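The values are calculated or read from the model by the stated rules, or taken from the named source; none is laboratory data. Predicted, not measured: the structure shown is a model, and the values here were computed from it. All Cβ positions, even for glycine, are placed from backbone atoms using ideal geometry, and neighbour counts span all protein chains on display. For accessibility, only protein heavy atoms count, side chains too; no ligands or nucleic acids. Shrake-Rupley method; radii C 1.70, N 1.55, O 1.52, S 1.80 Å.
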Amino acid sequence: MGKKSGNDYTPPPAPEEKYATQIGHFSRQENQRREQEANAWNDSVSAFNNQLQGFADQGNDFLSQARGLSFADQDAINTLRTDVYSTQDQFNALNWTGGNEPLFQSSQYGFTLGNNYYGANVGGLATPDTLDAPDLAQRSSYGNAFSGTLDILNSLDSQYSQEQQRYQGFQANQRTLADQYNQTFNTLGIANDTAMNTLERNIQNALADNQGFTSELNTDFSRSTGLFNDTLAGIADLRSQREAEQQRINDFQTRMNTLAGTYGQTLDGLDITHADGIINLNSDIESTLANVRGFSSELSPDLSAQLEALSGLDNRVDSLQLERNLELRRIADAEANARNQSIQIADLANASGIYNQANLDSAYERLAQQQSALSDFNSVLDYDFSDENSLLTSTQGILDSLTNQRTNTVDNLFNSATELGQSIQSAQDWDEAALRELKAQALAGQTSANNFMGGRAGDLQTAYGDTVSSINDRLQALFDTRSTIESDAQAFQGTLDDTTITSLDQLKILEDQFSGINSQYGQYNAAQAQDEVDAISQLLSGERTRLEADAEAAARAELAGQVEVSNALDQFGNLTLTGLPFRDPLTVLEYKAWLEKNGNEEDADNPAMISAFARALGLNS
């Protein structure tokens, strides 16, 4: 199109005018939509609010129900709790899904109609009323009734648990008590009366506790109550047994008292001569005492009076029996003493034999005392000492026999002592064998005499003592003589040692002297001088042999000397000797010196070869 001139230009109409028809149509549609949207919103909000109110009302109803329940209404509590949980889960699942509240303006610029957009102002649009969106912040308050209800139910459960615990604790305690009381009862016997009373009171109290226990719960104490009642029944039965046992005790005591009275009357009529009566009564009392001591009862009855009465009777019977026994023992002791004394006297007499007069006298005295004791013995009981008297008579026979034997033996010893004295007087002084034989007899007699004591024993021992002393004196004289012989031999030997025997005549004198000593040596058997006698005999024998040899040699030498001297003479008749200065004549000392120098050494050692002349000069060594 070409541009028109300014006079022909018409301004375009305003959009509102231009699109008035579209705007009207749009306004109608928009208002209708707005009304529908507002209604839908309001319906949604009302429905949501109604649901909330319904949950609130139901919660309040739950709360009201809970407040009307007791903790014992466990079924109702559990049902209500289930309903609350279910409803609460629904309440908790309720969420607002309606979005935001629609906002309506009374005008707007531009609108779409069909597929066309119109940029024009639309005014006068409807602004329908809408409900406020649900206040979700206040939503939780609607659930308070649920939590409140659950709190009440939980509280009821807690009360139930506490009450159940109280009930169950009481029930368990009562059952424990019932078991304990029953166990205690099982340990009781009829003697435990105090314990029974205490137990019965405790059970009655426990039953009263069962009956007095109150609870909203259903309670059941049948087990403990039944055991309590069973135990009470047992106690009642035990008391019946106690009464029966007590009656048995009373009957027993009565019977024992009666027996004690009967025994006492019997005992009053007895003495020690009634052996059978004592034995029988003692047996009866002992048997009855055994029954009393053996009486057994759980009630531990006091039987001390019965025991005292029976024990007193038993002591009296025992005393009577003891008195009888003592009398029997006195009889038996008298018999035994007589037998023992008789045996002892006989044994002692036989043991000491005939030697001790005091023992024999004592034995006779003891025998007489025992015979007198039997003769004087008396008893109310029967006794018989005939055997003992016979034994004492036999013992007296032993004593009499020993006394006679002693008298005869002592007489024989006295006679032997006299005979020994006579034999000693006739014995030779040098006859040692005879003296020793007599001494042996005397010592034997003395030993026998020393065995005796009392009576004539002193005189007998003196006689044998004197006899032994006499023999000892004779033997001592023999020993002294032998010692003198030894001394004489020693002196004679000394004399020989100091004497040079030069001749047979001198020797003969000495031999005669020795002959006396040697004769006594042989007669008195002086053995202690044997060494001296043997030495003297050898010396004298040797001297005799030497002197006899010298005499023979001297005879030969005299002849040889004459020849020697003749040959030694010189022409003038003077004696000449080689090795000596020649002069007249030789002195004795010169001749001795010559012999010592020129003599034959072998001959010089032989005394037989020494000339008599040389010996005369003292050249014999």
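Kindly establish whether residue 32 is out of contact with any strand residue (DSSP E or B) (no Cβ under 6 Å at 6 or more places or on another chain) and closer than 30 Å to residue 120 by Cβ.
Working: out of contact with any strand residue (DSSP E or B) (no Cβ under 6 Å at 6 or more places or on another chain): yes; closer than 30 Å to residue 120 by Cβ: yes.
The answer is yes for residue 32.
Could you tell me which residue of the range 386-414 is least open to solvent (accessible area, probe 1.4 Å), considering only residues that are of a type in the set (Val, Ile, Thr) and more than 60 Å from the chain's Cα centre (by Cα)? Top of the filtered list is 410.
So, of the residues in the range 347-357 that are part of a helix (DSSP H, G or I) and open to solvent by 60 Å² or more (accessible area, probe 1.4 Å), which turns out to be farthest from residue 450 (Cα to Cα)? This residue is 347. Note on the range 234-283: residues that are open to solvent by 70 Å² or more (accessible area, probe 1.4 Å) and either aliphatic (A, V, I, L, M) or over 30 Å from residue 382 (Cα atoms) (or both) amount to 12. Taking residues in the range 137-166 that are on the phi < 0 side of the Ramachandran plot, and partners anywhere that are surrounded by fewer than 14 Cβ atoms within 10 Å (Cβ to Cβ) and assigned to a helix (DSSP H, G or I), the pairs with Cβ atoms closer than 7 Å and at least 6 places apart or on different chains are 152/67.
Going through the range 362-385 one residue at a time, which ones are of a type outside the set (S, T, N, Q), open to solvent by less than 80 Å² (accessible area, probe 1.4 Å) and part of a helix (DSSP H, G or I)?
In the first step, residues of the range 362-385 are kept if they are of a type outside the set (S, T, N, Q); the result is 363-368, 373-374, 376-377, 380-385.
From what's left, open to solvent by less than 80 Å² (accessible area, probe 1.4 Å): 363-364, 366-368, 373-374, 377, 381, 385.
Passing the criteria: 363, 364, 366, 367, 368, 373, 374.
Can you name the residue in the range 92-137 that is among the β-branched types (Val, Ile, Thr) and under 17 Å from residue 50 (Cα atoms) and, of all such residues, is surrounded by the most Cβ atoms within 10 Å (Cβ to Cβ)? In this case the residue turns out to be 130.
Is there a residue being basic (Lys, Arg) and closer than 30 Å to residue 451 by Cβ anywhere in the range 277-294?
As a first pass, look at the range 277-294 and keep what is basic (Lys, Arg): 293.
Narrowing the set further to residues that are closer than 30 Å to residue 451 by Cβ leaves none.
Checked against the condition, which is being basic (Lys, Arg) and closer than 30 Å to residue 451 by Cβ, the range 277-294 yields no hits at all.
In the range 53-104, how many are assigned to a helix (DSSP H, G or I), within 18 Å of residue 147 (Cα to Cα) and of a type outside the set (Val, Ile, Thr)? Total satisfying the criteria: 28.
Test each condition in (1) within 21 Å of residue 150 (Cα to Cα); (2) among the polar types (S, T, N, Q); (3) in a helix (DSSP H, G or I) for residue 50 and report the one that comes out false. Just one mismatch for residue 50, condition (1).
Kindly indicate which of 143, 119 is within 30 Å of residue 28 (Cβ to Cβ) and either of a type in the set (Ser, Thr, Tyr) or at pLDDT below 85 (or both). Give the steps one after another, and end with the answer.
Details: 143 fails: within 30 Å of residue 28 (Cβ to Cβ).
Step by step, each of 143, 119 is checked, and only 119 is within 30 Å of residue 28 (Cβ to Cβ) and either of a type in the set (Ser, Thr, Tyr) or at pLDDT below 85 (or both).
Which of the helices (runs of 4 or more DSSP H) found entirely inside the range 415-531 contain at least 1 residues meeting this: at pLDDT below 80, under 26 Å from residue 353 (Cα atoms) and open to solvent by 60 Å² or more (accessible area, probe 1.4 Å)? Working first, answer last.
Working: elements: 432-450, 457-498, 504-523.
Once the helices (runs of 4 or more DSSP H) in the range 415-531 are filtered for at least 1 residues that are at pLDDT below 80, under 26 Å from residue 353 (Cα atoms) and open to solvent by 60 Å² or more (accessible area, probe 1.4 Å), what remains is 432-450.
Scanning the range 453-490 for residues that are of a type in the set (Lys, Arg) and farther than 18 Å from residue 420 by Cβ gives a single hit, 482. Taking the range 338-355 as the range and being in contact with a helix residue (DSSP H, G or I) (Cβ under 7 Å, 6 or more places away or on another chain) and among the aliphatic types (A, V, I, L, M) as the test, the residues that pass are 338, 345, 346, 348, 349, 354. Of all the residues in the range 28-42, those that are surrounded by fewer than 17 Cβ atoms within 10 Å (Cβ to Cβ) and under 17 Å from residue 114 (Cα atoms) number 5.
Out of the range 180-230, which residues are among the β-branched types (Val, Ile, Thr), closer than 29 Å to residue 163 by Cα and not in a loop (DSSP other than H, G, I, E, B)?
Of the residues in the range 180-230, the ones among the β-branched types (Val, Ile, Thr) are 184, 187, 190, 194, 198, 203, 214, 219, 225.
Going one step further and asking which of them are closer than 29 Å to residue 163 by Cα, we end up with 203, 214, 219, 225.
Hits for the range 180-230 are 203, 225.
Looking at the structure I just gave you, is residue 149 within 30 Å of residue 34 (Cα to Cα) and either surrounded by 15 or more Cβ atoms within 10 Å (Cβ to Cβ) or of a type in the set (Asp, Glu) (or both)? Spelling it out, it is not the case that residue 149 is within 30 Å of residue 34 (Cα to Cα) and either surrounded by 15 or more Cβ atoms within 10 Å (Cβ to Cβ) or of a type in the set (Asp, Glu) (or both). Look at residue 175 and say whether it is in a helix (DSSP H, G or I), open to solvent by 70 Å² or more (accessible area, probe 1.4 Å) and either modelled with pLDDT of 85 or more or at negative phi (or both). When the stated conditions are applied, residue 175 passes them.
Among the candidates 335, 327, the residue that is within 16 Å of residue 382 (Cα to Cα) and in contact with a helix residue (DSSP H, G or I) (Cβ under 6 Å, 6 or more places away or on another chain) is uniquely 335. Whether any residue in the range 230-246 is over 53 Å from the mean Cα position of the chain (by Cα), within 30 Å of residue 196 (Cα to Cα) and touching a residue at least 40 places away in the same chain (Cβ under 8 Å) is what I want to check. The answer is yes; a qualifying residue exists. Just give me the residues in the range 284-297 being of a type in the set (Asp, Glu) and surrounded by 15 or more Cβ atoms within 10 Å (Cβ to Cβ), in sequence order. Of everything in the range 284-297, just one residue is of a type in the set (Asp, Glu) and surrounded by 15 or more Cβ atoms within 10 Å (Cβ to Cβ), namely 284.
Being out of contact with any Gly (no Cβ under 8 Å at 6 or more places or on another chain), surrounded by 13 or more Cβ atoms within 10 Å (Cβ to Cβ) and small (Gly, Ala, Ser) holds for only one residue in 319, 300, 311, and it is 311. No other residue among 118, 167 is over 60 Å from the mean Cα position of the chain (by Cα) and closer than 22 Å to residue 222 by Cβ apart from 167.
Every test in (1) out of contact with any strand residue (DSSP E or B) (no Cβ under 8 Å at 6 or more places or on another chain); (2) in contact (Cβ under 8 Å) with a residue 12 or more places away in the chain is passed by residue 426 save one, and that test is (2).
I'm checking my understanding of the structure. Among residues of the range 1-16 that are out of contact with any strand residue (DSSP E or B) (no Cβ under 6 Å at 6 or more places or on another chain) and at pLDDT 80 or above, which one is surrounded by the fewest Cβ atoms within 10 Å (Cβ to Cβ)?
Applying the first criterion (out of contact with any strand residue (DSSP E or B) (no Cβ under 6 Å at 6 or more places or on another chain)) to the range 1-16 yields 1-14.
With the extra rule that they be at pLDDT 80 or above, the set shrinks to 11-14.
Working: 11: 5, 12: 8, 13: 10, 14: 11.
If we take residues in the range 1-16 being out of contact with any strand residue (DSSP E or B) (no Cβ under 6 Å at 6 or more places or on another chain) and at pLDDT 80 or above, then 11 is surrounded by the fewest Cβ atoms within 10 Å (Cβ to Cβ).
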